[in-house]
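In what follows, a structure is listed as structure tokens, so that the remarks can point back to it.
The values are calculated or read from the model by the stated rules, or taken from the named source; none is laboratory data. Since the structure is predicted, the reported quantities are computational estimates derived from the model, not experimental observations. Positions of Cβ are backbone-derived with ideal geometry, glycine not excepted, and every protein chain shown enters the neighbour counts. Please note that ligands, DNA and RNA were not included when accessible areas were found on the heavy atoms of the full protein model with its side chains. Shrake-Rupley method; radii C 1.70, N 1.55, O 1.52, S 1.80 Å.
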Amino acid sequence: MRKALVLVALAATALAQGLVLTHLWSATRVALPLAVAVSEEGSVLVADTAMGRGGSAVLFSPDGLAVASFFYAEGVGSADYRNGTFAFVTLGGRAVFLSPEGDVLRTVRVSPDAALGIALGPSGFVVCRSACEAYSGSQLVWRAEVSSAGKPAWGRYVYVPTPWGVEALDPETGERLFTVAPGPAKAVAACGDAVAVASDKVRIYSVAKGFPQLVGEADLRAEDLAFYEDCNVLLAATGKGLAALDRNGRVLSTAEVGPAVRVSWAGDYVAVAAFDGAETVSLYKALLPHGTPKARYALNFREVGAEAVTPLTYPSPNGTVFVLARSGGALEVWTLLNGTIIGKVEVPPDFGVIPDTRTGQAALLGERLLAVFNGTLYAIYGNETEALMRLSAQSPYSRFLKIGDEIYAVSVNVTAKNATCTFTALGGGSRSYSLPVGERAMIVVDFLDAKGCAAIWSEGPGEVSYSYSADAGKGTGKLRCAGAVSLSALFAEVGEGESRPYVYCFKPGIGSEGEVLLYDMAGGRALKAPTPPRALPVATNVGDYLGEGYYGDVATLIADGNKYSLVVLSTSNITQRFDFGEVGRTFVYVSGLALHEGYVKNVVGLGNLTGLEIDVSTNVGTLKFAIRGVTLLPSWMSVLLTLTEGKMCYTAALNPLGAGRAYLATACLPR
């Protein structure tokens, strides 16, 4: 009988949902578990020792049947799995590779003084004991002397736990690069730029900048660690059970699965080896209630009689959707209710909407769209428009904002040496912020919390002056940002409702890494994130892309030729990069909001539109879509969506290049 085991949520926020584990099978052996590895299909390899009488490696099928067993009198070390291949190492110097069905694929002789821990990499494997050796196929690539190494991990670098610390080695040469964490470590896990170390606590580091940066820790003693495939959730085997942590070290949930000492996680499966006088190996089906959806969502398009359409909102709870259409040379805002057009309003060329970061779409007032044109804010629904308020000062920096339930008209008055930003609420009341400015200053207002105004201007090549007036204080200063191709001021939060002004500077690399620089005007702190050589910025936005609970993530979409990535630098100095791969001129752009792994996140992603089934890489994983109702031509497609607890609601527009006709799809589907 299968039973559902729900990890009890410990995090204070109501969004921190527990991981659900469904028990599939268990097997008990008189042995001490040394390592466990699981495949995406649910096959499990366990390496253990028969209490000093040799060692074994046993492979179980997804149904719990032992399909292969190997015994070695000299004993075995650890085991690993990657890309369809299992591996274990014997203490006598054999690295044995198995298929998920139990077939021996090959055996590679390694030095006995390196035969204890094994880690599979993208192009080979590494074994470690008192030395580490890396192999490509059966060829030795490099050897590095270490001391009493435990099971290594292979992420961006090769990580080796020793009694003196976790060392990072270059996977190509074996050169020692840096120490991730000092002191003895029981276990290390790696995924992308993330590294987790189990010692007196569980500590999580980012090496995105080429050196270790502590981003989170949990007061847990763990025997083993395993990352989920997207690198954002970590499982810790604590000797008493399991604990799930996020990248910041927040304990999301715990589960009583027995005295777990070894854990492995691949796809939808978690394997656990527990020890309480005997070894119990168990397999669980794992479900992150709000993880990346596995389903391929069908987008049912229909031609709508327009030359081009752009989604403005995803479906509201009652099914209302707004899109911008170009029809007969005119711009129109269409209102749809449950997929049917119920009204159209023609708008002038200066039409704009108010971006709402908190909902990931254009701002709404109830069920009405907030639109701006002719210096006036309107509410649109169906065929009706209502003027709400007008800007008192017409300048390039004046605008409307919607923050929570309040709407503001922000007027910016600029003189030769000063600027005044006035926030006037639709519901009544106003507040002003004054600051000195230089010639040709760029002025920004706090669009997140309406708590200030900031400016930057150039004092010469590479020299940036800034000023700010905000609830966070007042001040001026200078900053050097030589070689910048993108320079601006922005506001980002350091906590919920706590916005601060920053200077944003993008410096491309020429033959080396480039850099995103975020300078805290009020705090005088510089935050940096590396970018690939030759990459240039495409767009920059502020939101909550990492699920920190506030809008402190500055996300830069970058391009290196046709290769696109999203570099996120948070005000808490966390860096993460999401690679979207090569994207051509027929593409898909995805944006919106998602409840993902327990946290609400802004979403952005890019993919290629080269077939009727498309996979789009995003910061919340790969989203899959199927195009229906249209014969695909070279096109660009935009999808605006929200992923809630039980469903995915979307508005998608498909615009064939040069065809003069557009297609629209909108619906809510089960998540």
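Listing for the model above:
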| item | result |
| --- | --- |
| Selection from Ala274, Asn300, Phe227, by position along the positive dipole direction of region 195-327 (Cβ) | Asn300 |
| Rounded percent of accessible protein surface that carbon and sulfur make up, region 216-334, 1.4 Å probe | 47 |
| Accessible-area composition of region 356-484, carbon plus sulfur, in percent [1.4 Å probe] | 48 |
| Integer Hz, Karplus 6.51/-1.76/1.60 couplings in order for region 323-332, x for Gly and Pro | 9, 9, 10, 10, 9, x, x, 9, 8, 9 |
| Residues whose placed amide H lies under 5 Å from that of Phe447, excluding near-sequence neighbours | Phe491 |
| Phi to ³J(HN,Hα) by Karplus 6.51 cos²θ - 1.76 cosθ + 1.60 over region 500-505, Hz, x for Gly, Pro | 9, x, 9, 9, 10, 9 |
| Nearest-20 debye value, the chain charge dipole, Cβ charges on Lys, Arg, Asp, Glu | 280 |
| Among (i) 85, 55, 44; (ii) 106, 66, 43; (iii) 95, 70, 62, the entry that matches Cα extents along the principal axes in Å as calculated here | (i) |
| Phi-based couplings in Hz for region 334-348 (Karplus 6.51, -1.76, 1.60; Gly and Pro marked x) | 9, 9, 10, 10, 6, x, 9, 6, 10, x, 9, 10, 6, 10, x |
| Heavy-atom SASA rank of Ser617, Ser39 (probe 1.4 Å, accessible area, largest first) | Ser617, Ser39 |
| Euclidean distance of C-alpha centroids, region 634-671 and region 357-391, integer Å | 22 |
| Å² per residue, accessible surface of the chain at 1.4 Å | 39 |
| Cα pair distances in region 284-359, grouped into 10 Å bins until the bin that holds the longest one, percent each | 15, 39, 28, 12, 5, 1 |
| Relative contact order (%) - region 383-474, alpha-carbon pairs under 8 angstrom, separation at least six | 18 |
| Listed residue (Thr642, Leu609, Leu595) projecting farthest to the positive dipole end of region 583-671, Cβ model | Leu609 |
| Local electrostatic count, Glu40, Cβ distance below 9 Å [Lys/Arg +1, Asp/Glu -1] | -3 |
| Cα centre as origin, Lys/Arg/Asp/Glu Cβ charges: region 198-330 dipole, Debye | 360 |
| Given Lys201/Lys402; Lys417/Lys507; Lys528/Lys601; Lys563/Lys624; Lys151/Lys624; Lys478/Lys601, the pairs whose alpha carbons are separated by over 31 Å | Lys201/Lys402; Lys151/Lys624; Lys478/Lys601 |
| Under-5 Å amide H pairs with Ala222, H placed in peptide plane, nonlocal only | Ser199 |
| GluC sites (Glu not before Pro) within region 247-338, DSSP loop, no more than 12 other Cβ atoms inside 10 Å | Glu256 |
